[in-house]
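Participant: My questions will all concern the structure given below.
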Amino acid sequence: MSADPIMQGIAASHAGIATRLAGGPAWNERRGLALSRLLGRGLPDRRDENWKYLDHAEIAGRSFSPAATAPVTALQLAPVMLPLAAARRVVLVDGACQPGLSAAGAGNGIEIDDLAAIMTRDPALALQMLREPGDDADDRYALLAEAFVSAGVVIRVAANAAPGRSLYLLHVGTGTGPGTNHSRVVIEVGAGATLSLVEHFVTLGNAPTLANLAAELRIDAGATVEHLRIHESGAQAAQLETWVTTLQADSRYRQQFFALGGRLLRSNLDLSLAGRAAAARLSGLFMVDGARQADLYTRVEHHGAVTRTSQEFRGIGSGRGRGAFNGRVVVHPSARGADASQTCRNLLLTPLAEINTRPQLEIHTDDVQCRHGATTGTLDPEQIFYLRSRGLDAVTARALLTVAFCADIVAALPQEALREYVLERVVGQLPDRDVIRSLR
Amino acid sequence: MTKNGQTILSVRDLRVRAGERTILEGVSLEVRAGEVHAIMGPNGSGKSTLTGALAGRPGLEVLSGTATYLGRDLLALPPEERARAGLFLAFQYPVEIPGVNNVYLLKASLNALRRHRGEPELDAFEFLTLVRARLARMQMDEGLLNRGVNEGFSGGEKKRNEILQMSLLEPTLALLDETDSGLDIDALKVVAEGVNALRSPERAIVIVTHYQRLLDYVVPDHVHVLARGRIVRSGGGELARELERRGYDWLRDGTAAA
């Protein structure tokens with residue numbers, strides 16, 4: 001047994017509830033195994049190279065006991081939802097699928113199931129369906145989620161299906177009381193199918209909760225997935241997420257990522273391009289103000305020949321906000337003709353804000369194109385002077401340039417209503433928000 | 001409104017430092033309404049420092065001397081107030097600002113100046129009509145309006161964009177910093193036309209240049225030679241042609257006799 005008080009707490013919490021979770025003996029065994037592996041290894045800390053910028057004390061200060069939850073009504077959700085006309089909707093409340101709040105619609109080759117229901121009805125199927133976290137040092141929060149797994153959603157898109165309407169996956173934290181919830185999301189997109197997925201993280205209450213999401217996305221040959229992700233949890237919420245995405249031959253994946261809220265966000269985006277000519281494009285923006293923190297870790301593995309990836313991230317720090325972008329690209333010997341690019345540009349608006357970047361390239365073949373670049377700086381004085389020399393005051397000039405810094409990332413959003421929505425959230429976090437609003 | 005012959009800018013013994021180096025060692029200049037001045041000089045003589053100091057470029061420290069603009073202490077004003085009072089600097093290196101729309105800046109800028117003058121802001125239709133007319137004069141593609149400010153513009157397009165802004169803002173005092181550099185002959189003529197269109201008895205234009213060629217198209221009333229931080233010689237348009245013929249070397253000794 002670990003001497004670490006956090007691990008002891010996790011073990012005690014597990015002992016209290018694990019056998020009452022969904023799935024019966026088979027799942028009790030699997031959860032128990034995950035727990036014992038985790039106890040042997042401990043949680044990541046500052047000494048782990050890919051976790052060095054994260055405020056582990058903020059996580060350690062939270063309760064790992066199950067968080068209290070509360071019923072949520074459609075009326076409560078209405079004001080926090082994204083303006084997505086005609087989307088299918090799946091709602092997870094404190095990690096658990098809520099069919100009553102969802103409006104998934106049937107047919108067109110898309111199947112949406114409550115994970116707890118599958119675990120209860122067909123534990124063996126569920127065992128096959130969920131990835132077992134590996135021994136990788138970066139996979140330990142997924143292991144923690146595995147030790148408690150009983151809630152989440154499974155989304156399957158049949159081969160060659162084109163479900164049309166996008167799928168809105170809303171993660172709602174009730175913030176009822178301190179504690180932790182774990183959630184699993186499994187998405188399988190069949191060969192040649194298309195899926196447009198919009199994921200949105202919000203909280204209703206303000207308790208200091210920890211939400212731990214382990215998710216996997218499997219994109220089969222020739223399939224196309226567009227994935228928009230907007231994090232805007234409340235000021236006390238901490239969110240951990242581990243995404244493992246695999247792409248088969250000729251598949252396409254596009255992710256747009258916005259970290260706009262929450263006390264702490266740690267995102268692990270693990271992307272494996274397994275098949276020939278698979279291509280992925282990630283872009284996004286993280287904003288940290290006040291004492292908030294966003295820590296983004298991407299790991300992109302090129303296995304297939306002529307696979308392509310591009311990553312373009314921006315960070316804006318103000319107040320005492322802390323941000324990190326850690327991007328690792330591995331090009332394996334099999335990935336001949338691969339093309340990988342990665343950029344991260346960061347803007348610091350106040351002296352106490354901090355953003356760290358850490359690009360890592362590991363290339364094991366000669367036949368490859370790789371580019372990366374990371375910059376962190378303040379607004380350009382020459383640009384400010386140019387605008388002022390045209391009659392704009394200094395505050396307006398700075399406000400314009402700050403919005404301009406992320407304008408292309410926002411402009412790439414697929415719908416006008418979403419662009420407006422995100423821009424308003426971005427502006428709302430800037431020191432000169434009132435000036436910017438008056439300009440629009 | 002200024003009247004022909006009224007003093008617009010009066011610079012007295014201006015000394016300016018950039019970093020550790022004193023660049024301007026005492027410049028005096030008098031510019032009246034209706035006049036076009038050319039300030040010529042070799043590289044490093046302080047031409048851009050002079051226009052920068054007058055427009056309020058950060059990083060330049062005025063050590064002594066005065067600059068009076070329409071009776072006001074120009075050097076006490078922040079850059080935006082100088083602009084609103086009718087001073088315009090066409091940049092030698094117009095800065096690219098991706099994400100700020102060119103037409104947005106034109107409109108924000110024009111309206112900032114109009115508000116300052118107590119004039120109503122232009123509505124969208126009036127504004128576009130005005131911009132289109134000016135674009136045509138500068139032979140610029142309308143597509144450039146919806147690009148980021150100077151983003152991906154060629155050198156010539158950037159310079160035309162500066163003159164486009166100038167022709168829209170109709171400054172009382174225009175400072176053109178090496179606007180001719182990097183322009184081919186056709187672009188030079190277009191830029192010159194834009195500058196000449198602004199010439200009027202109420203305005204003044206100060207053209208800073210290394211070469212005489214822009215002055216073939218925008219004929220100056222006064223030519224000054226700046227060398228090592230001082231105006232070492234002043235004269236009429238013929239001085240520019242003499243400089244073109246003889247270079248700057250004969251003036252290196254400051255007050256060398258002609």
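The values are calculated or read from the model by the stated rules, or taken from the named source; none is laboratory data. No experiment lies behind these values; they were computed from the predicted model shown. Note that we place each Cβ from the backbone using ideal geometry, even for glycine, and neighbour counts take in every protein chain shown. For accessibility, only protein heavy atoms count, side chains too; no ligands or nucleic acids. Shrake-Rupley method; radii C 1.70, N 1.55, O 1.52, S 1.80 Å.
Participant: When residues of region B:9-26 are filtered for being among the charged types (D, E, K, R), over 18 Å from residue B:42 (Cα atoms) and exposed (fewer than 14 other Cβ atoms within 10 Å of the Cβ), how many remain?
Facilitator: Counting residues in region B:9-26 that are among the charged types (D, E, K, R), over 18 Å from residue B:42 (Cα atoms) and exposed (fewer than 14 other Cβ atoms within 10 Å of the Cβ) gives 2.
Participant: List the number of the failed condition for residue B:93; all other conditions in (1) farther than 28 Å from residue B:181 by Cβ; (2) open to solvent by 70 Å² or more (accessible area, probe 1.4 Å) hold.
Facilitator: (1)
Participant: Determine whether region B:68-79 contains at least one residue that is more than 8 Å from chain A (Cβ to nearest Cβ), among the small types (Gly, Ala, Ser) and assigned to a loop (DSSP other than H, G, I, E, B).
Facilitator: yes
Participant: If you don't mind, another one. Quickly run through region B:91-115 and pick out the residues that are of a type in the set (A, V, I, L, M, F, W, C) and more than 9 Å from chain A (Cβ to nearest Cβ).
Facilitator: Residue satisfying the conditions is B:103 alone.
Participant: Mind checking which residues of region B:49-59 are within 13 Å of chain A (Cβ to nearest Cβ) and open to solvent by less than 40 Å² (accessible area, probe 1.4 Å)?
Facilitator: B:51, B:52, B:53, B:54, B:55, B:56 - these are the residues of region B:49-59 that are within 13 Å of chain A (Cβ to nearest Cβ) and open to solvent by less than 40 Å² (accessible area, probe 1.4 Å).
Participant: When the residues of region B:144-180 are filtered to those that are in a loop (DSSP other than H, G, I, E, B) and within 14 Å of chain A (Cβ to nearest Cβ), which remaining residue is surrounded by the fewest Cβ atoms within 10 Å (Cβ to Cβ)?
Facilitator: Across region B:144-180, the extreme among qualifying residues is B:152.
Participant: Can you tell which of A:423, A:361 is more than 20 Å from residue A:316 (Cα to Cα), surrounded by 14 or more Cβ atoms within 10 Å (Cβ to Cβ), under 28 Å from the mean Cα position of the chain (by Cα) and more than 10 Å from chain B (Cβ to nearest Cβ)?
Facilitator: A:361
Participant: Just need a number here: residues in region B:89-107 that are over 15 Å from residue B:153 (Cβ atoms) and touching a Leu at 6+ places or on another chain (Cβ under 6 Å).
Facilitator: 1
Participant: Can you pull out every residue in region A:352-374 that is part of a strand (DSSP E or B) and under 28 Å from residue A:436 (Cβ atoms)?
Facilitator: Answer for region A:352-374, where residues must be part of a strand (DSSP E or B) and under 28 Å from residue A:436 (Cβ atoms): A:354, A:355, A:356, A:357, A:373, A:374.
Participant: Against the definition (under 19 Å from the mean Cα position of the chain (by Cα), at pLDDT 95 or above and in the same structural domain as residue A:234 (by TED's automatic domain parsing)), how does residue A:265 come out, yes or no?
Facilitator: So residue A:265 passes the test.
Participant: Which residue is nearest to residue B:179 (Cα to Cα), if the candidates are limited to region B:121-143 and must be within 22 Å of the chain's Cα centre (by Cα) and open to solvent by less than 20 Å² (accessible area, probe 1.4 Å)?
Facilitator: For region B:121-143, the residue satisfying everything is B:138.
Participant: Then there's this: Inside region A:375-398, can you point out the residues that are more than 7 Å from chain B (Cβ to nearest Cβ) and outside any helix (DSSP H, G or I)?
Facilitator: A:375, A:376, A:377, A:378, A:379, A:380
Participant: I'd like the residue in region B:80-90 that is more than 7 Å from every other protein chain (Cβ to nearest Cβ) and in contact (Cβ under 8 Å) with a residue 60 or more places away in the chain and, out of all such residues, is surrounded by the fewest Cβ atoms within 10 Å (Cβ to Cβ).
Facilitator: B:85
Participant: Now a separate question. For region A:393-407, check the following and say yes or no: at least one residue is open to solvent by 60 Å² or more (accessible area, probe 1.4 Å), farther than 30 Å from residue B:86 by Cα and within 28 Å of the chain's Cα centre (by Cα).
Facilitator: Checked region A:393-407: no residue is open to solvent by 60 Å² or more (accessible area, probe 1.4 Å), farther than 30 Å from residue B:86 by Cα and within 28 Å of the chain's Cα centre (by Cα).
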